[in-house]
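Have a look at this one before I ask anything.
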Amino acid sequence: MSSKNLKIAQPYAEAFLELASKGSLETVITDLTCLSSSLTESADLDKFLANPLVNCERKKTVLTSIFNEKIDIKTLRFLLVLCDRGRISYLGSIVSKAIELAYKAASIEIVTLTSSTAFSASQQETLISKLKKMTGAEQVKLETKVNPELIGGFVVQIGSKIIDTSIKGQLRQLSSYLGASLV
């Protein structure tokens, strides 16, 4: 997220959470997840909302028709306000920031796991329990990725903290000790 998008997204995300805090935080997270996945899965929707040539009323009609039965009425009204204010093109950034803030409020830690091979369900559960103890979070949401270039092992990212147990990471560390460069 660029710094301009962050400057715009932050106050809207905070305002949305303040507005939605009168309801259930679970509902807010569900709505935000629905919006995020809709924007991710439909590049056309994202382009449509970002298009300055499409008028506000048309965007409102499309948003209402898509999300009327899927999300809470407060969330839908918030989307319509974003249209009125000309900020709907920043919806992706606003939703990302709002999810981050909602998870923080619900004591949910987002952890990215990148491994050379897919983790089994039992391995994921073991890792999640260890991460809960390490972070003190009530819940851990594990986002998994597979990257065969790691050769073996895995990399865990918790916010800005990175735990690299991959063979590629160990080789990189070894090469820095030896003064060599590893590509």
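Derivation of every value follows stated rules applied to the coordinates shown; laboratory data play no part. Quick caveat, the model's predicted, so the values are computed rather than measured. Please note: Cβ atoms are built from the backbone with ideal geometry, for glycine as well, and neighbour counts cover all protein chains shown.
To test your reading of the geometry: what angle, between 0 and 90 degrees and rounded to tens, separates the Cα axis of helix 73-84 from the longest principal axis of the chain?
It works out to around 80 degrees.
Another question about this same structure. Output wanted: per-residue J couplings in Hz (rounded whole) for the stretch 139-152, from phi through Karplus 6.51 cos²θ - 1.76 cosθ + 1.60, θ = phi - 60°, x for Gly and Pro.
Per residue, the Karplus-derived 3J(HN,Hα) values read 9, 10, 9, 9, 9, 9, 9, 10, 9, x, 5, 6, 6, x Hz.
Pick the calculated Kirkwood radius over Cα pairs in Å for this structure from [x] 17.4; [y] 17.0; [z] 18.7?
Calculated Kirkwood radius over Cα pairs in Å: the matching label is [z].
In a shell of Cβ-Cβ distance under 9 Å around A106, excluding A106 itself, what net charge do Lys and Arg (+1) and Asp and Glu (-1) give?
-1
Search the structure for amide H atoms under 5 Å from the amide H of I110, placed 1.01 Å from N in the peptide plane, and list their residues when 5 or more places away or on another chain.
Counting only residues 5 or more places away or on other chains, the set is K141.
Around N51, what is the net charge, scoring Lys/Arg as +1 and Asp/Glu as -1 over all other residues with Cβ under 11 Å from its Cβ?
Residues near N51 contribute +1 overall.
Hey, another quick one. I want to verify a result. In a Gaussian network model of the chain, Cα cutoff 10 Å, which of these has the top mean-square fluctuation: S160, S122, S42?
Looking only at S160, S122, S42, the largest GNM fluctuation is found for S160.
222 nm [θ] for the chain, helices only, -39500 (n - 2.57) per DSSP H run of 4+, per residue, to 500?
It comes out at -19000 deg cm²/dmol, rounded to the nearest 500.
Sticking with this one: Non-local amide H neighbours of G152 (under 5 Å, H modeled in plane, Pro and chain starts lacking H): which ones?
Amide H neighbours of G152, under 5 Å, 5+ apart: I167, K168.
Quote the charge dipole size of the stretch 107-178 about the Cα centre in Debye, to the nearest 20; the model charges only the Cβ of Lys and Arg (+1) and of Asp and Glu (-1).
Details: 8 positive and 6 negative charges, 25 e Å.
Charge dipole, the stretch 107-178, about its Cα centre: 120 debye, nearest 20.
Determine the dipole magnitude for the chain: charges of +1 sit on the beta-carbon of Lys and Arg, -1 on that of Asp and Glu, nothing else is charged, the reference point is the Cα centre, and the result goes in debye to the nearest 20. The partial results should precede the final answer.
Working: 22 positive and 18 negative charges, 83 e Å.
For this selection, approximately 400 debye.
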